[in-house]
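Values quoted throughout were computed directly from the atomic coordinates according to the rules given, and no laboratory measurement underlies them. From a predicted model like this one, the values you see are computed outputs, not experimental measurements. Cβ coordinates were reconstructed from backbone atoms using ideal geometry, including for glycine residues, and neighbour counts include every protein chain displayed.
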Amino acid sequence: MFNQLAGAQGNPNKDLEVTSPPDDTVSALEFSPPSLPQTFLVSGSWDCRVRCWEVEASGKTVPKAVQTMDGPILDVAWHDDGSKIFMASTDKSVKCWDLASNQSIQVAAHEAPVKTCHWIKAPNYTCLMTASWDKTLKFWDTRSAVPIMNMNLSERCYCADVDYPLAVVGTADRGICLYTLEGKPAEFKRVESPLKHQLRCIAIFRDKKSKQPTGFALGSVEGRVAIQYVNPANPKDNFTFKCHRPPATTGGYQDIYAVNDIAFHPAHGTLATVGSDGSFSFWDKDARTRLKSSEMLDQPLTKCAFNHNGQIFAYAVGYDWSKGHEHFNPAKKNFIYLRACYDDLKPRST
Amino acid sequence: MGRKKKKASKPWCWYCNREFDDEKILIQHQKAKHFKCHICHKKLYTGPGLSIHCMQVHKEAIDKVPNSLPNRSNIEIEIYGMEGIPPEDVKEHEKQKSGGGKGSDSDDDEPAAKKKATPALLGPGPSQVTQGILPTPMGPVPPGMYPGPMQSMQMQMMPPFMQAPRMMMPGMRPLFPAASMPPTSTSKPTFPAYSIYGSLSSGSNTAYYSNATISAPPTTTTPSSASEAKENGDVKPPAANVCPLVTATGAGSKIVHPPEDVSLDEIRARAPRYKPKPKPDQPAHHHHHHHQPALMSPSTSQAEVWVAAHMSAAVAAARQQQCAALRRGVLGGVVSVLGGGGLVPGGGGLVPGGGALVQRAPVSVAQMPPVVPMLPVMPQFNLVRPLQPGMLLPGGMMPMGAMFPGGMAGLPVMQPRYR
């Protein structure tokens, strides 16, 4: 209802539309790593496909390749060298898509749909981290059918992020577990979610000076983001803020929407959130201010990503099930938009 | 003692589920947000008070408490601060709080702040200030149960737990806020009111303490209910309530999320259309099938076979230069196909090219001992890659090489994977 009212036109922010978008909602969106000279964008979607585009400097997008899995895709991750893409699916497997050969092969398996996959590149090892609704977190040498390491989660994995040497996993029942990846992956500590509602997304941020991962941002279904430091110098450093709560409309009730994704700007350390309300916002967590809020789109935003140098912000538009299956309209097109964002995300002061 | 347990949780507003550090603030909030007359902006003290005010002064009927959650809009229930909240809702709230977060942080902070706050707050609470107005911990009082106008008098003498139904009488209505609470009525501004309460409460300790006991019952029940829930291992029921009920904003609000406290993705994945069923077309099916065993163990030679198969497939499927591309060419082929046909139809454009590949792949896999697959591919990274440069040069490979130079770079990385 709200959605129909809001955006009359599909692209109120006048951003660049990615050509040949997925046929169903985007569930994963990742830019290629800096190891590649060109910029590629990869999406995973509910139509069981993973798509790859090349993004030219002009903003033009050229479809490059597609892979299909046996179930909807829940996450994708790039190999650090940009040669491969890992794809996690509800079919309980993760496949490795070798771009050069365009072949995909299973590299990980779980007992339930795999919610996240992340490539870990440590000085002394590399591996694939996968987390699933089967309440396990596994680390894989992609050449072996058996995980190198298998850890139990307190609950089903809902979100995860990796930035060596830190990994974080958010689960159902508001669990958060931190892992250190130094030497080898090891559970570091479990913390209570500062948010009172279901976790939806999590993103690690780095310290401004040391450039080392120092904390993470959590998004919940209750339109709220928590900024948490792993070792806060001052307890006051941790805080939460509200977002994705459009002004009350009819009836005087305010609709509160899920924070569907959070991404940190690789250069500025500021962050972007996208919400089920159909908007994205840019924030400066240090100044605790909002840098920008977008126009409202007519569908939820499900995922977002920055390219490696922070010039491009990509966000995906499609139904996220927040109003149940009744509101799903398969005829409605899905979109991915690109936006030049470098200046928008500059911290306010400095 | 019940009081102490209560301190573990912050005062919260029944109407909107918002939490406050201090019950004073909560009461201010309620007056400003939920009990304010939308016509003359007079701040009343309870939902029924507001309703009566509007009816009598403005001749308007109010059926809902302003800015309240949809399920908490009952204007008949008398709630003042934390007093009068239906016990089941107290339990529910407590359950959610304890179930979700033992809220270490907030709890730590709270005791101190709250200890100070409570005496003052509770004192003024029901017995003194709001005699006749305040509801009881017993929960919502049926309208029919209005006690007599004498109530305020009786209250002082009654044991706390007897103070139950304290709705105002119809007769009292016009006077309601003012009459029943003389001290308050003079000082409408919320703050002053409290200072008055404070002094009052100090005057009559008996009533003061009795209040404390009154509030105890709900408190004591809550922890037990919470633990019960846990023992049952009943994750779902409480969880299910989380979404619709828990809304931590000041105004009436609602979380746009299915009632069940399960991720959107899980809910979505249940839909028949998303069941990862083996696809009707053999390619995917076989693919899947064979890959499972594939995980087991691979062999280099097979990998090559597989690669070769892919290559031939690529050749067959793609046209012209793409064909030449062989390994890398596959992608090239796909790309060109895509470029021409467009991705839109999904893999539509791909299907011809890529589809063929997929089909082939399974076949070749099938030829392998069931135990093999995984390694084949990975070695491929190591073994095959090095060959690529040579292989690629001839065809339209160059562009591909340029596209994914990473492949080469990857080599060194892939090697040391002993952890």
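Going through region B:45-62 one residue at a time, which ones are surrounded by fewer than 23 Cβ atoms within 10 Å (Cβ to Cβ) and in contact with a Phe, Trp or Tyr (Cβ under 8 Å, 6 or more places away or on another chain)?
Residue satisfying the conditions is B:ILE52 alone.
With the condition kept exactly as written, say whether any residue in region A:154-171 is facing another protein chain (nearest Cβ under 7 Å) and among the hydrophobic types (A, V, I, L, M, F, W, C).
no
Which one of the conditions (1) within 17 Å of A:ASP286 (Cβ to Cβ); (2) of a type outside the set (S, T, N, Q); (3) more than 8 Å from chain B (Cβ to nearest Cβ) does A:LEU195 fail to meet, given that it meets all the rest?
(1)
Mind counting the residues in region A:259-276 that are in contact with a Cys (Cβ under 9 Å, 6 or more places away or on another chain) and either surrounded by fewer than 21 Cβ atoms within 10 Å (Cβ to Cβ) or closer than 17 Å to A:ASP298 by Cβ (or both)?
Matching residues across region A:259-276 total 3.
If I ask for residues that are of a type outside the set (Phe, Trp, Tyr) and either surrounded by 24 or more Cβ atoms within 10 Å (Cβ to Cβ) or not in a loop (DSSP other than H, G, I, E, B) (or both), which ones from region A:279-295 would you list?
A:SER279, A:SER281, A:ASP284, A:THR289, A:ARG290, A:LEU291, A:LYS292, A:SER293
Yes/no matrix, rows are residues, columns are (1) more than 24 Å from the chain's Cα centre (by Cα); (2) farther than 24 Å from A:ALA248 by Cα:
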site	(1), (2)
B:LYS10	no, yes
B:PHE20	no, no
B:GLU23	yes, yes
B:ILE27	yes, no
B:CYS37	yes, no
B:GLY47	yes, no
B:HIS58	yes, yes
B:ASN71	no, no
B:TYR80	yes, yes
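Considering A:ALA109, A:ALA100, which residue is surrounded by fewer than 24 Cβ atoms within 10 Å (Cβ to Cβ), without any contact (Cβ under 8 Å) to a residue 40 or more places away in the chain and of a type in the set (A, V, I, L, M)?
Criteria check complete, one pass: A:ALA109.
Which count do you get for residues in region A:223-266 that are in a loop (DSSP other than H, G, I, E, B) and at negative phi? If you could, list the steps in order and put the result at the bottom.
Within region A:223-266, the subset in a loop (DSSP other than H, G, I, E, B) is A:223, A:230-234, A:238, A:243-249, A:253, A:257-258, A:265-266.
Add one more test, that the residue is at negative phi, and what stays is A:230-234, A:238, A:243, A:245-249, A:253, A:257-258, A:265-266.
Number of matching residues: 17.
Each row is one residue, and each column tells you yes or no for (1) within 21 Å of the chain's Cα centre (by Cα); (2) over 29 Å from A:TYR125 (Cα atoms).
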residue	(1), (2)
A:ASP23	yes, yes
A:SER32	yes, no
A:LEU36	yes, no
A:THR39	yes, no
A:ARG51	yes, no
A:ALA88	yes, no
A:ASP98	no, no
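For region A:269-314, how many residues are charged (D, E, K, R), more than 17 Å from the chain's Cα centre (by Cα) and under 20 Å from A:PHE335 (Cβ atoms)?
Residues meeting the conditions: 3.
Determine if region B:22-36 includes at least one residue that is part of a loop (DSSP other than H, G, I, E, B) and in contact with a His (Cβ under 6 Å, 6 or more places away or on another chain).
no
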